[in-house]
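Each reported figure results from applying straightforward, stated rules to the coordinates on display, with no laboratory input. Computed from a predicted structure; not experimentally measured. Note that we place each Cβ from the backbone using ideal geometry, even for glycine, and neighbour counts take in every protein chain shown.
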Amino acid sequence: MVKKTVGNRIMLLGDAAGMAKPTTGGGIGPGFKQIKGILQPLSKAITDDELSEKNLIKITSKHFQSMKKDQDKARMLRNLLVSDVEDKELDKHFEIINEIGDIEKPVPLGLALLKKVPAFRKLALKAGTRLLFR
């Protein structure tokens, strides 16, 4: 958890900001990604003494929303592959996952599975439906 106080403003990063990694729940990796994405404009705001709430929201919103979209997609795929299945199906999924890709990178893994595993296409249809109609 990172909690940074700027004047009387508080900025939360990583797991404190709800940006846990979809596959493990850890917030350190997303926290570093958040910091990297806002470091330059935040440093400029500090130097220029432009730390109004409105400016801090402007600095963080676009980057954080982009990250949240990616995390939501990854979490949805993780749920389809791991959380929303019976044990027998889960064992089968892990065999495929371990053979083809990295569960820590679920979106590229999903794309690889689409290309290489015809049975995965049924899950992809579920994922697409959830993404469109959630």
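Tabulated values for the structure
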| item | result |
| --- | --- |
| Calculated FRET value between Leu90 and Ile10, using beta carbons and R₀ = 41 Å, to 0.05 | 0.55 |
| Per-residue HN-Hα couplings for the range 32-44 [Karplus 6.51, -1.76, 1.60; θ = phi - 60°; Hz; x = Gly/Pro] | 5, 5, 4, 4, 4, x, 10, 4, 5, x, 5, 4, 5 |
| Per residue convex hull volume, Cα atoms of the range 60-112, in Å³ | 67 |
| Ranked Met67, Met76, criterion: other C-beta atoms within 10 Å, fewest first | Met67, Met76 |
